[in-house]
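Note sheet for the following structure.
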Amino acid sequence: MDNTNERIAMAPLPTAGELKHRRNAFGQFFRFMRINWTMWRLARKKHH
């Protein structure tokens with residue numbers, strides 16, 4: 001009863017705008033830095 005292929009076929013496809021954002025290396029870099037900054041702040045908050 002593996003319905004993996006059916007679930008993949010029913011999944012929504014990304015829009016053109018979403019694909020554009022995913023391919024933007026500059027935006028990806030800042031998103032990565034924002035996530036790291038948030039994790040760093042949370043770690044510092046818990047260790048003091």
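Please treat every number below as a calculation from the coordinates, not as lab data. From a predicted model like this one, the values you see are computed outputs, not experimental measurements. Because the Cβ atoms are built from the backbone with ideal geometry, glycine has one as well, and the counts that use them run over all protein chains shown.
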The summed charge of the N24 Cβ neighbourhood (under 12 Å; Lys/Arg +1, Asp/Glu -1) stands at +3
With just the Cα atoms of the chain, tell me how far they stretch along each of the three principal axes, in Å, largest first. 50, 32, 11
Would you calculate, for the chain, the mean residue ellipticity at 222 nm contributed by helices, counting each DSSP H stretch of 4 or more residues as -39,500 (n - 2.57) and dividing by all residues, to the nearest 500? -24000 deg cm²/dmol
